[in-house]
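Undergrad: Got a structure here, written out as C-alpha cells. Questions coming.
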Amino acid sequence: MDGSVKSNKKEIRDLAERLKSFTVPELCDGAQEDISMDWRIKPQVGADKICGPAVTVDVPSGEGDLVADAILQLQEGDVLVVAGKGNCSCSYWGDLRSICASRKRAAGVVIDGAFRDVEGCREAGFPVFAKGLTGKTAAKTGAGAIQVPVSCGGISVNPGDMIVGDPNGVVVIPPEKAEKIMERALDKRMRQEAVIRRMRETGEVLPKVPKQINN
C-alpha cells in the first residue's frame, strides 16, 4: 500500500470521527439541502451511532443475493448501503451477514428495507439500520450492482459519501461538503448553548435560537 492510499484512509477515518461528534439533527441543521434518509430507517440492533464511507449495493425490489458479494468488498470502517427500494415484505439482511460484516470490521449497514434474524443479529452486535423487520428472505438471482450511485431512503448516495446514523435517523454527506456542514452545525450548537446558559442565568424562557450570538 503506497503512502497516498494510507494518507487517504487516515483522512477518511479522521473525517468520520469528526462527523460522529455531531448528532444527525445538528448535521441536518448544518446542511443547506435535504440530506436525511426516510425517517423510518432507524437503528434496529447493535450500536445506535455509526459513521463511515458508503459502499453501495443496488438491488431490484425483493432481490438480495448481491448483498452477500458486497460484504466481501467492505473495508474497516465502511458503511454498507443497501438500496432495497423500501421493500419490507422480505429481508435483505440476517444474522450470517451481520457476522460476516463484523469480521470485515465494517461500521454498520443501512438498509432501505427490512432485515430478519433479530435474535442472531443482536448476538452478533453488528449495527443494523433498517426500515423494518420480517421473517421472509429476499430472492436470490444475483441481479443488481455494487459500488454505483444509488437512491436509498429517498436520498442519492455515491460510493464514498459519508454516512452518519444515530437514533434520529441517517444522513448522507458528500466528503467535499462535510467541512461547511460541520462549520454551520457547530455554529448552531454554540448559539443554542448560549441560549441555554442565558436561561439558566436569568430564568427567562427563550424557545428560539438567535441567528447570531450577542456578546
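Undergrad: Identify the single condition in (1) free of Cβ contacts under 8 Å to residues at least 40 places away in the same chain; (2) under 24 Å from Arg13 (Cβ atoms); (3) touching an Asp or Glu at 6+ places or on another chain (Cβ under 7 Å); (4) of a type outside the set (A, V, I, L, M, F, W, C) that Arg198 does not satisfy, given that it satisfies every other one.
TA: The one condition Arg198 does not meet is (2).
Undergrad: Hey, another quick one. Tell me yes or no: at least one residue of the stretch 54-61 is crowded, with 17+ Cβ neighbours inside 10 Å and at positive phi.
TA: No, because not a single residue in the stretch 54-61 is crowded, with 17+ Cβ neighbours inside 10 Å and at positive phi.
Undergrad: Of everything in the stretch 7-49 that's open to solvent by less than 50 Å² (accessible area, probe 1.4 Å) and among the acidic types (Asp, Glu), which residue is nearest to Ile99 (Cα to Cα)?
TA: Ranking the qualifying residues of the stretch 7-49, first place goes to Asp38.
The rows are residues; the columns are (1) assigned to a loop (DSSP other than H, G, I, E, B); (2) in contact with a Lys or Arg (Cβ under 9 Å, 6 or more places away or on another chain); (3) of a type in the set (Gly, Ala, Ser).
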| residue | (1), (2), (3) |
| --- | --- |
| Lys9 | no, no, no |
| Glu26 | no, yes, no |
| Asp38 | yes, yes, no |
| Pro43 | no, yes, no |
| Thr56 | no, no, no |
| Asp69 | no, no, no |
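Undergrad: How do the strands (runs of 3 or more DSSP E) wholly within the stretch 113-215 filter down when requiring 2 or more residues that are open to solvent by less than 20 Å² (accessible area, probe 1.4 Å) and more than 20 Å from Ser21 (Cα to Cα): which remain?
TA: It comes to 128-133, 150-152, 155-157.
Undergrad: Any idea which of Gly160, Gly142, Gly154, Gly135 is more than 16 Å from the chain's Cα centre (by Cα), on the phi > 0 side of the Ramachandran plot and among the small types (Gly, Ala, Ser)?
TA: Result of the check over Gly160, Gly142, Gly154, Gly135: Gly142.
The values are calculated or read from the model by the stated rules, or taken from the named source; none is laboratory data. What you are looking at is a predicted structure, and each value in this text was computed from that prediction instead of being measured. All Cβ positions, glycine included, derive from the backbone under ideal geometry; neighbour counts span all protein chains shown. Note: accessible area is taken over every heavy atom of the protein model, side chains too, but ligands, DNA and RNA are not part of it. Shrake-Rupley method; radii C 1.70, N 1.55, O 1.52, S 1.80 Å.
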